[in-house]
Amino acid sequence: MKKVVASLLSLSLVLSASVSALAAEPAKSLKAPQKAAASVTDPYEPNDSVEYAPYINSNVSYTAAINHYRDVDYFNFYAKPGKFNLAFSTLSPNSEPITILVKKPTGAILNRVVTKGNTSFSVDIPEEGQYSIYLGTPNAVLDNRQIEPIPYSFKAVFNQ
């Protein structure tokens, strides 16, 4: 009986040490790419394509971030013909430029703005339908430099 208890205690200690070692190992995601810079909380990720982009509402502020050199952010909206106004602000002193595109579902670009800070602009929405806003560094697809995360905020006002 003593041998069985001693064996169980030894097994318990070995298992406990193994579990502790595994718990200390950081979790790794096979789906997510490794990001070079420290990330900033972005509640809208993943929104790296129109298909995964959240829909935004008119006259509501949104805060997100470009977290690494290949990160791009899309936001969808549904609008009727008229003016689309966008006010954009960076929330850090980062000197990286941000490209902002307002696009039709066909990919046609209605407006393109590159900014290193705060900006606002208007776009004419030609017809009722779905549109998207694209935000990213100018060469996000080709760029392989490390960047500091760029938190930003924007508000769009449009006819719904």
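Pairs of Lys residues in region 31-153, spaced 8 or more positions apart or belonging to different chains, with C-alpha separations under 20 angstrom: 4 in total. Computed as a quarter of the hull surface, the mean projected area of the alpha carbon convex hull for region 44-129 stands at 5.6 nm². Oblate is the label for region 85-160, because the ratio a/c of its alpha-carbon gyration tensor axes (a ≥ b ≥ c) is 1.5 or higher and a/b is not greater than b/c. Stretching ASN85 away from TYR52 to a fully extended chain increases their span by 9.6 nm, per 0.36 nm per residue minus the current alpha-carbon distance. For a label point 7 angstrom out from the Cα of THR63 toward its Cβ, which stretches of region 129-152 have the backbone nitrogen within less than 14 Å? Within reach of a label on THR63: 150-152.
Read-outs throughout are calculated quantities, based only on the coordinates presented, and are distinct from any laboratory measurement. Every value quoted in this text rests on a predicted model; they were computed, and no experiment measured them. Please note: Cβ atoms are built from the backbone with ideal geometry, for glycine as well, and neighbour counts cover all protein chains shown.
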